[in-house]
Amino acid sequence: MPSPPVEQLESIARTLRVHALRAIAAANSGHPGGSLSAAEIVTALYFGGVLQHDPRNPDWPDRDRFILSKGHGVPILYAALGERGYFPVDEIMTLRQVNSRMQGHPVQGMTPGIEASTGSLGQGLSIGIGHAIAGRLDGRHFRTYVVLGDGECQEGQVWEAAMCAGNYELDTLCAIVDWNRFQLDGAVEDIQSLEPMREKFASFKWNVLEVDGHDVQAVLEALNAAKAERGRPTCIIAHTVKGKGVSFMEHNNEFHGKAPTGEQLQVALAQLNGGQEAGVRGGRRDGVRGLREQSPKPSP
Amino acid sequence: MLSTRYTPRIGRATREAYGDALLELGRKNRDVVAIDADLAKSTFSWTFGKHFPERFFNIGIQEANMVGIASGLASSGKIPFISSFAAFALCKGFDQLRMGAAYPHLNVKVAGSHGGISIGEDGVSQQSVEDVALACALPGFIVCIPADEVSMTAAVHAAAAHRGPVYLRLGRPKAAIVHDAPLDFVFGRAITVRDGDALTIVANGLLVAQALMAAERLADRGISVRVLDMHTVKPIDVDALTRASRETGAFVVAEEHLHHGGLGSVVAATLAQTVPAPIAFVNLGDRYAESGKPDDLLRKYGMTADAIVTAAESVVRQR
Ligand SMILES: Cc1ncc(C[n+]2csc(CCOP(=O)(O)OP(=O)(O)O)c2C)c(N)n1
Ligand SMILES: [Mg+2]
């Protein structure tokens, strides 16, 4: 599927942010900061023509896999999956409520489109390796994408997986690190520095790319460059801003795991909608709607 | 012992009491060192950390490493208190706890916060429902689940005074106060919070307050209930259980945990070898829960005063 124009992707990213924030506010619980920082990454994957998938057939064996290893960022993924038609978009508003499929962290087998149960940080890249190896064994050509938090990369398992993927030359595997420089208790650099990050992945035999994680065109180009890479997995270090898109959440780690109040939500929605009255049913949805008409790659 | 009618008085969360007690310990004992794995503000180890930055290490998101470091600290004479969510400290650090704390019987204290499903909305990945089973599977560990701020404070001091590994489960929500301070608290000795002779409810953590509420309602129906706060699952209080079995003849065991390997299993095994009696179990069963408001979840998964009353009524008929 060809990529739509950049302006349309930017508009979609805004829509996803709106969904995520409204759901978190309705639940009065959740993680705004790390949802917002990943908006362009998720947009590029799901709406930029990168992922080959079929929302009507989530188990299609040749689908590309997407694993949100930093599971607490799942509201932005639910927004993308809902807009893509995996489930009714309104279901997102039941986030974190009892009897809802919109669990606080991703749950495999419960929510269509969710490939792995995450939320205990550090595990997604290993699962991605499993998919990549299975694809190789079966002669299938799907790709596997894993989004990691930067704080998450303090877990030893991430580096066991990095070592393994490099040695196995898994070029169908692509890790994207949401490099927003904050974790739960504060700045990554203050708590347990990961630097030099590029050199770490490179020394584990990965192709490493760095991009502005809010420049959706740049993210898209990096993802496409990763597709062309042979003999090595690719790690995209996406430089992002935690809470991106909402002035009082940007660079403010208070919103790592705290929902906005009703009032804060209104301010946030106004900012995201460029001063217009908030509400996704309003103006800014054309981007997504237009895309939904295009059928994704049909399953065999 | 509470003899008057029990009206729940909400106190601090046990995790908050943990932080305050740890700070007090830190003032008294320079060998106390605390480590956390990027949850210091949630576990309240930060209460200690802000006062003793030189003895506090927020090492980032690496629970297994944290346990290993504690093992080294304890081997070199320190008293490490390590904290994270119970789900991560126990599950991710289990082999390190086995080899680095239990087997060498080191002076490592583990505080697992956000025990049970009453953490609510975050859902299964953060809900610890197997920590008691895991901790009990570590020979030599004391395993303790305090019910309120009063017993948590006592438990932290008891943990520091005890030479050997200790696991404390901390809770997220504010907890009803069920004990009066100062509390006569000893690991392995149950606290009778209400006396009765027709049934014994054995509970720990948040379920102690629920047990007291259930006991009142059962009393209104003419069933006289004893409530034991079995804060220590290991070593279990064999005397209190055998006495209760002889004097009341039936049990409900209530806990925020899976059915297998928790308080229920330990009580059943103990009674089977001493004075057998019918037992009903109030726990999560053999399944995971989900996201939701804590009260919604406790109701849906049957860990409330209501559930205890129902279990009690069926078990007294079996006496
Ligand atoms: C194993 C594990 N330890 C601790 C936590 C609690 N926790 C949830 S989010 C978070 C911080 C994550 O930081 P980062 O990976 O940088 O994510 P982001 O900044 O994108 O939110 C922590 C410690 C967890 N979910 N899993
Ligand atoms: Mg981060």
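Values for this structure:
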quantity	calculated
Nearest-ten-degree value, helix B:207-220 long axis tilted from longest Cα axis of chain B	10
Protein heavy-atom accessible area occluded, B/A pair - total, 1.4 Å probe, Å²	2000
A:E189 - accessible surface, heavy atoms, 1.4 Å probe, Å² rounded to 10	110
Interface residues in region A:149-171 - accessible area drops by 30 Å² or more relative to the isolated chain, probe 1.4 Å	A:Q154, A:E155
B:H162, A:H72, A:H105, reordered so the largest accessible area comes first (probe 1.4 Å)	B:H162, A:H72, A:H105
Overall Cα dimensions of the protein assembly as shown, principal axis frame, Å, largest first	77, 54, 49
Carbon plus sulfur fraction of accessible area for chain B, probe 1.4 Å, in percent	52
Cα centroid separation - region B:228-288 against region A:1-66, whole Å	48
Degrees, to the nearest 10: B:305-316 long Cα axis against longest axis of chain B	50
Expected 222 nm ellipticity per residue - DSSP helices of 4 or more, -39500 (n - 2.57), all of chain B, to 500	-11000 deg cm²/dmol
Carbon/sulfur fraction of accessible area - chain A, other protein chains in place, 1.4 Å, %	50
Unsatisfied cross-links (Cα-Cα over 31 Å) in the set B:K78/B:K234; B:K234/B:K300; B:K92/B:K174; A:K258/B:K92; A:K70/B:K28	A:K70/B:K28
Region B:223-317: trypsin sites (Lys or Arg not before Pro) in DSSP loop, at most 15 other beta carbons within 10 Å	B:R287, B:R317
Per residue solvent-accessible surface (Å²) - region A:6-294, probe of 1.4 Å	35
Region B:108-153 - accessible surface per residue (Å², probe 1.4 Å)	15
Between helix B:263-273 and chain B: long-axis angle, C-alpha atoms, 0 to 90°, nearest 10	60
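The values are calculated or read from the model by the stated rules, or taken from the named source; none is laboratory data. Just so we're clear, the structure is a prediction, and the values are computed from it rather than from any experiment. Heads up, the Cβs are rebuilt from the backbone with ideal geometry, glycines too, and the neighbour counts pull from every protein chain shown. Note: accessible area is taken over every heavy atom of the protein model, side chains too, but ligands, DNA and RNA are not part of it. Shrake-Rupley method; radii C 1.70, N 1.55, O 1.52, S 1.80 Å.
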